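The values are calculated or read from the model by the stated rules, or taken from the named source; none is laboratory data. Predicted model, so just to flag it, every value in this text is computed and none were measured. Virtual Cβ from ideal backbone geometry, glycine too; neighbours counted across all protein chains shown.
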Amino acid sequence: MQLLVLWAIRFYQRFISSHKGFCCAYRTHTGHASCSNLGYRVVRRYGAIHGLAVLRKRLYLCGVAHRRYSPPRRRPMAAQRGDCDIGCAGDCGSALDYASCLDCGSCDWPNTKERSGEKEQYVHIPPRVSRKADFSPGLKRI
């Protein structure tokens, strides 16, 4: 099973990730390894079950980083809630006429539940890693 998971991660890295057009939000914000790189290393070291558990936690942090630090996207305008124009007033004759009258089903559609940031606001995302800070100015690198 471990080889199958490693193969799937490599397939994702080579054929899917390179064509997405965006990169890992956690990596962009912190400078650490991307989620797929971490997943490959962890699965190779700890096995499929424990590795996927660690990867699941990392993907959660990546999602939090994306929702917290990416600029908000404008969504297309949807129909206003409660503004439903059903074309007939109960005088539908056949089943097809009745089906055409129900163009939006119910006028009281529930909004899609979006994650509230209440529990995600306390999730710690580490600050960006500075590679230059690893070396003191007076020390020479050997």
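Values as computed for the structure displayed
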item	result
Filter result (of a type in the set (Gly, Ala, Ser) and either crowded, with 18+ Cβ neighbours inside 10 Å or over 16 Å from Gly63 (Cα atoms) (or both)) within segment 18-35	Ser18, Gly21, Ala25, Ser34
Restricting segment 1-40 to residues that are of a type in the set (D, E, K, R) and under 22 Å from Val64 (Cα atoms), the residue that is modelled with the lowest pLDDT	Lys20
Meets criteria (at pLDDT 55 or above, in a helix (DSSP H, G or I), among the aliphatic types (A, V, I, L, M) and surrounded by 13 or more Cβ atoms within 10 Å (Cβ to Cβ)) for Leu55	yes
